[in-house]
Amino acid sequence: MSNKDTALQTPTVSAAYVEVKGDTSSHFPCTLSWENINYTVHGSTKDEKHILHNVTGRSAPGQLTAIMGPSGSGKTTLLDILADRVSSGAIAGDIHVNGRPRDSHFRLLASYVAQEDSLLGSFTV
């Protein structure tokens with residue numbers, strides 16, 4: 001494969017979910033949805049680098065959502081954008097919490113489990 005062919009390949013991100021049952025009495029149910037999320041940053045030159053392109057998804061209460069993809073595909077960037085933790089670059093698209101546009105208070109409530117290989121040994125199916 002030539003360098004030209006390699007440059008044209010774009011890694012993809014996929015998401016899956018499973019239903020999780022448990023005590024949610026102390027939690028506020030929240031459906032998070034996002035549509036056509038685009039994220040662009042400026043590189044070391046004046047060129048723009050498109051990190052995310054038209055990413056759409058949904059996570060609902062009682063579901064475990066897994067965002068999977070190869071290294072460098074934008075998984076952590078997507079989570080940072082959804083949690084309102086990105087302070088640079090250009091973000092476009094719609095993010096809704098329970099059907100309403102996400103507001104600035106959401107970042108105080110949003111959290112996710114970051115990738116940590118040491119956690120994998122304790123997971124069971």
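The values are calculated or read from the model by the stated rules, or taken from the named source; none is laboratory data. Fair warning: this is a prediction, and the values are worked out from it, not measured in the lab. Counting neighbours? That spans all protein chains shown, and the Cβs are built from the backbone with ideal geometry, glycine included.
The table that follows gives values for the structure above.
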quantity: Strands (runs of 3 or more DSSP E) wholly inside region 25-77 that include at least 2 residues being at negative phi and touching a His at 6+ places or on another chain (Cβ under 7 Å); calculated: 32-42
quantity: When residues of region 65-88 are limited to those that are surrounded by fewer than 18 Cβ atoms within 10 Å (Cβ to Cβ), polar (S, T, N, Q) and within 15 Å of V113 (Cα to Cα), the one farthest from the chain's Cα centre (by Cα); calculated: T65
quantity: Single residue of region 89-109 satisfying the filter (within 19 Å of P61 (Cβ to Cβ) and surrounded by 14 or more Cβ atoms within 10 Å (Cβ to Cβ)) that is nearest to the chain's Cα centre (by Cα); calculated: I95
quantity: Of the criteria (1) in contact with a Ser or Thr (Cβ under 9 Å, 6 or more places away or on another chain); (2) at pLDDT 80 or above, which one A16 fails; calculated: (2)
